[in-house]
């Protein structure tokens with residue numbers, strides 16, 4: 001298997017070499033803008049070759065069991081091949097192009113327009129950068145970017161994959177050091193974050209495909225805008241929900257109005273985690289009404305108040321009564337941990353299904369939820385109380 | 001029963017700011033918890049109750065006390081809560097957000113009525129007609145919904161709007177209306193906020209544009225600058 005992979009890999013290097021050669025030829029011909037001369041097809045070809053190389057050089061023993069949404073790993077021979085090809089000039093060129101786009105983007109507010117036609121036109125003119133700029137002003141930023149997409153994707157294919165030599169731990173943490181082109185990647189994302197966000201806004205599915213490193217490497221996610229992240233997150237949740245609904249059916253709860261908290265606790269605690277993901281249907285006992293969202297909203301509204309009910313002794317508030325954290329003395333209820341798990345499930349269900357809770361927690365609890373280490377507890381306390389002090 | 005009370009904070013700050021001998025404190029690496037009138041000594045490090053705290057390692061002590069209060073003492077509760085939450089949402093999915101964004105994700109973008117906030121604002125060192133105040137409200141009205149939410153987080157520590165409007169805004173000693181204090185310092189300096197007093201220290205500025213730039217910087221980068229904590 002490995003031998004076949006190697007042979008096939010080597011033969012595709014030839015194809016790749018020619019692709020790179022024509023690209024670098026294009027680069028030398030018109031230093032101001034590589035894209036003017038290189039057509040979409042060569043860029044696409046490069047991307048395809050990169051992807052093929054990757055799947056060919058992949059370690060077959062590892063990859064079959066792995067989920068598709070993981071960052072691929074690069075075997076030593078692939079890393080060698082990539083180093084031999086030396087794509088650095090291409091990346092530099094890509095950066096140069098994108099910096100021109102950045103300037104353009106700052107110059108004017110651009111509107112949506114079909115970019116493909118213009119893109120094809122541009123392939124024919126080889127006047128260099130300047131006339132092009134004037135033309136491109138008509139285009140949307142995202143449209144402009146689609147032009148560079150194959151190269152950007154190729155960039156991610158090459159740089160955002162794990163080094164085979166790294167240990168599991170670094171791999172699991174998705175450390176930048178464990179990537180083939182970690183620092184190059186970070187520099188690229190940091191410089192072009194405005195463009196990448198615009199690109200992802202217009203084609204969000206890229207986060208599941210070529211640009212998935214953006215949501216998988218913790219140091220990359222800070223460069224994504226909130227709305228981009230939230231959109232991706234909601235899509236993931238919708239996928240999981242329909243999967244669970246197919247497998248387990250809807251999550252049906254019958255709740256007595258006088259005992260919302262207890263009934264929900266009893267019915268949710270019995271269920272397996274997977275069953276909880278299905279579509280939620282809430283019925284209030286002895287009431288007519290089909291849950292088209294309204295009853296669920298009411299249900300979460302009541303729970304958001306009840307979980308902070310001092311009688312349950314589950315949470316304590318900061319002095320202003322605004323934010324909550326678990327109560328040290330919740331042990332007064334012997335089942336308190338089951339209740340905390342239940343509350344966690346309620347918050348999780350609300351977030352997963354897009355219902356809002358009027359529930360605010362302390363910053364340190366949010367950090368725990370995100371798996372962030374609270375490394376300096378003194379500062380964390382300060383930011384919960386005397387938040388954000390400048391120049392003191 | 002308060003989780004985090006300002007007196008507690010003040011005590012810790014005093015320990016950090018002063019010589020332990022001067023304030024006559026005899027501390028060991030332990031803390032005492034009270035529960036139904038009984039008190040119990042908890043070691044912060046092995047055998048901590050017999051190890052005195054010195055000026056040299058008091059920062060470590062303060063950090064450990066906070067850690068105990070905010071994490072260790074409620075470790076099991078936090079873990080159970082997280083288990084439940086992760087039943088629905090895997091850590092890898094939620095971890096793309098920052099703490100601030102997570103709060104907005106759970107509680108939503110609040111509807112912030114700036115006119116209501118303006119009506120319930122107190123001033124110290126400024127008068128309503130001062131140009132800084134006029135600029136400030138111009139800026140506030142022009143902010144996007146999410147910037148308004150971040151401003152509220154910046155000033156009050158949470159994006160929660162009081163149920164009965166800003167006349168009912170709570171601080172650490174009951175109702176505490178939003179207040180704008182004139183900050184000393186050069187014109188155009190950065191602004192700061194005291195979340196337990198719901199107050200904003202606003203320096204003078206040379207123009208509305210400058211103030212807006214500083215305000216946006218404070219609410220965005222300011223929160224970020226505590227990320228290391």
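Within the range B:105-126, restricting attention to residues that are in a helix (DSSP H, G or I) and at the interface with chain A (Cβ under 7 Å from one of its Cβ atoms), which residue is farthest from residue A:360 (Cα to Cα)? Before the answer, list the steps.
First pass over the range B:105-126, keeping only residues in a helix (DSSP H, G or I): B:105-107, B:114-119.
Among the residues that remain, those that are also at the interface with chain A (Cβ under 7 Å from one of its Cβ atoms) are: B:105-107.
Numbers: B:105: 11, B:106: 8, B:107: 7 Å.
Only one residue tops the list, namely B:105.
The sole residue among B:167, B:146 that is away from chain A (no Cβ under 13 Å) and in a helix (DSSP H, G or I) is B:167. Looking across the range B:70-94, just one residue is facing another protein chain (nearest Cβ under 7 Å), outside any helix (DSSP H, G or I) and within 16 Å of residue A:344 (Cα to Cα), and that is B:89.
Residue by residue, here is whether (1) in a loop (DSSP other than H, G, I, E, B); (2) modelled with pLDDT of 85 or more; (3) in contact with a strand residue (DSSP E or B) (Cβ under 9 Å, 6 or more places away or on another chain); (4) more than 7 Å from chain B (Cβ to nearest Cβ) holds:
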| site | (1), (2), (3), (4) |
| --- | --- |
| A:338 | no, yes, no, yes |
| A:348 | no, yes, no, no |
| A:357 | yes, yes, no, no |
| A:366 | no, yes, no, no |
| A:374 | yes, no, no, no |
| A:381 | no, no, no, no |
| A:388 | yes, no, yes, no |
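Among all residues of the range A:165-176, there is at least one that is surrounded by fewer than 19 Cβ atoms within 10 Å (Cβ to Cβ), in contact with a strand residue (DSSP E or B) (Cβ under 6 Å, 6 or more places away or on another chain) and modelled with pLDDT under 80. Residue count for the range B:121-142 under the criterion of being over 15 Å from residue B:204 (Cβ atoms) and surrounded by 15 or more Cβ atoms within 10 Å (Cβ to Cβ): the result is 3.
Scanning the range A:278-332 for residues that are over 33 Å from the mean Cα position of the chain (by Cα), more than 11 Å from chain B (Cβ to nearest Cβ) and exposed (fewer than 15 other Cβ atoms within 10 Å of the Cβ) yields a total of 8. When the range B:95-104 is filtered for residues that are under 15 Å from residue A:373 (Cα atoms) and more than 7 Å from chain A (Cβ to nearest Cβ), only B:98 remains. Residues of the range A:246-276 being buried (at least 16 other Cβ atoms within 10 Å of the Cβ), out of contact with any strand residue (DSSP E or B) (no Cβ under 8 Å at 6 or more places or on another chain) and within 14 Å of chain B (Cβ to nearest Cβ), which ones? Hit for the range A:246-276 is A:265, nothing else. For the range B:149-160, the set of residues classified as out of contact with any strand residue (DSSP E or B) (no Cβ under 7 Å at 6 or more places or on another chain) and either within 11 Å of chain A (Cβ to nearest Cβ) or free of Cβ contacts under 8 Å to residues at least 12 places away in the same chain (or both) consists of B:149, B:150, B:152, B:153, B:156, B:157, B:158, B:159, B:160, listed by residue number.
The values are calculated or read from the model by the stated rules, or taken from the named source; none is laboratory data. What you are looking at is a predicted structure, and each value in this text was computed from that prediction instead of being measured. Note: ideal-geometry Cβ built from the backbone for every residue, glycine included; neighbour counts use all protein chains shown.
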